[in-house]
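A.B. asks: Pasting a structure below so you can have a look.
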Amino acid sequence: MADAYKILDYFLKAFGPFTGRPNAYADIYNWDTTALNLSLRYQVKTEMGVAVFSNKNLENAIAANGPSVLLKDVYQSFSVLY
């Protein structure tokens, strides 16, 4: 099984069935849930791809409070890593 399909399998297990596939002939899968937006795009031939993830709660907090919320969350994320 190609790595791209392993990633798709993982995403299906983690996030459930995808909610959209804009092109039946391209490997693009979208999840749009109440908590997140996620898009997985890849090319099997080159085994290259990208996943774009956004958290709707964070997006709403940034829209309501401006960039200061983002900086606070970034610092908290880095402190967890170290």
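The values are calculated or read from the model by the stated rules, or taken from the named source; none is laboratory data. Everything quoted here is computed from the prediction, not taken from an experiment. With ideal geometry, Cβ positions are generated from the backbone for all residues, glycine too; neighbour counts draw on all protein chains shown.
A.B. asks: Write out, first by first residue and then by second, each pair whose Cβ atoms fall under 8 Å of each other, whose residues are 6+ apart or on separate chains, and whose first residue, in segment 45-58, is surrounded by 10 or more Cβ atoms within 10 Å (Cβ to Cβ) while the second is in a strand (DSSP E or B) and among the aromatic types (Phe, Trp, Tyr).
C.D. replies: MET48/TYR42; GLY49/TYR42
A.B. asks: Just one of (1) of a type in the set (D, E, K, R); (2) modelled with pLDDT of 80 or more; (3) not in a strand (DSSP E or B) trips up ARG41, so point out which.
C.D. replies: Result: ARG41 fails condition (3) only.
A.B. asks: Read through the list (1) surrounded by 10 or more Cβ atoms within 10 Å (Cβ to Cβ); (2) in a helix (DSSP H, G or I), then give the number of the only condition that TRP31 fails.
C.D. replies: (2)
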